[in-house]
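The values are calculated or read from the model by the stated rules, or taken from the named source; none is laboratory data. Fair warning: this is a prediction, and the values are worked out from it, not measured in the lab. Every residue, glycine among them, receives a Cβ derived from its backbone with ideal geometry; neighbour counts consider all protein chains shown. Note: areas computed on protein heavy atoms with side chains; ligands, DNA, RNA excluded. Shrake-Rupley method; radii C 1.70, N 1.55, O 1.52, S 1.80 Å.
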Amino acid sequence: MGSKRDPWMAKHPRWVACILILILTGCLYLVYGLSAWQVTTLKVSGQYTLPLTELRDITRAQQQSRWLLFFRQTNLWAFDTRAYERRLRERWMFSKLSIRRSIPNTLTLNVIEEQPAYVYQLNGALIGIDRKGTASTFLPAAPAGVPQIIFLAPFDLKLQDAALSNNQASFLTTFIEKIRERQDEKLFVKKVTVAVAPETTFRLGMTGDWEVIVNSVASAEEQAQALLLAYDQKLQGKKLEYVDVSVPARVYVK
């Protein structure tokens, strides 16, 4: 009987190792090195006012980050869309943001940009707060016409933290929208002062340096209607210190 022959792979382990290295190298090249995978095109669609030059700068900064500790994210497969989304949301506010990678060479963004509903100043930084009361983005400057929020009990606020409760945010949104419908610049809110819990009042600083006192746990619609009625009947043209509509049936003016 002839002797049993060893498998070729067992007899040539060095060749096997070389072949495996070549296969691995080829796979890495096909996945990472081919020009079709390189991110060279950025397409943006949707509703936005953000500057595209700044968006491209943020995209290039993400591409310079490392993938698997070694490779830069210049490749579609290596490009970290979650980290990229975080970078974008730190700079802008979106009600919709989708990021898609497609061959060849293309990164596609579909966005609906949302302007901050309020701004909050903390340690020299400006934080944009959305309509739901969430700290959503850092701002380079305060946008025109956006009320500033002031907390009588200041606190640290990180992105995605709740600056306002859902009820507070809903109340403010409704009240401010109701009085803005008049398109009277004297009824524009410049700042919102939030009382210390359990106090539920807000003091709304208006154009002309007067205030409106409201109660965030009562009806926003009724308080807005009470303000507008009092404004129409007896407040226009008068120098005011404040108007208290926290009890809509008994409006107090000073």
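What to note about this one:
- Residue-level check: of (1) at pLDDT below 90; (2) touching a Phe, Trp or Tyr at 6+ places or on another chain (Cβ under 6 Å), Pro147 misses just (1).
- Every test in (1) open to solvent by 60 Å² or more (accessible area, probe 1.4 Å); (2) over 12 Å from Tyr120 (Cα atoms); (3) in contact (Cβ under 8 Å) with a residue 40 or more places away in the chain is passed by Phe138 save one, and that test is (2).
- Considering Val212, Val196, the condition of being open to solvent by 70 Å² or more (accessible area, probe 1.4 Å) and touching a Leu at 6+ places or on another chain (Cβ under 6 Å) is satisfied by Val196 alone.
- Enumeration of residues in the stretch 76-97 that are touching a helix residue (DSSP H, G or I) at 6+ places or on another chain (Cβ under 8 Å) and loosely packed, with under 14 Cβ neighbours inside 10 Å: Trp77, Ala83
- Which listed residue, of Arg66, Arg60, Arg100, Arg72, is open to solvent by 60 Å² or more (accessible area, probe 1.4 Å), without any contact (Cβ under 8 Å) to a residue 12 or more places away in the chain, over 27 Å from Ala142 (Cβ atoms) and touching a Leu at 6+ places or on another chain (Cβ under 9 Å): Arg100
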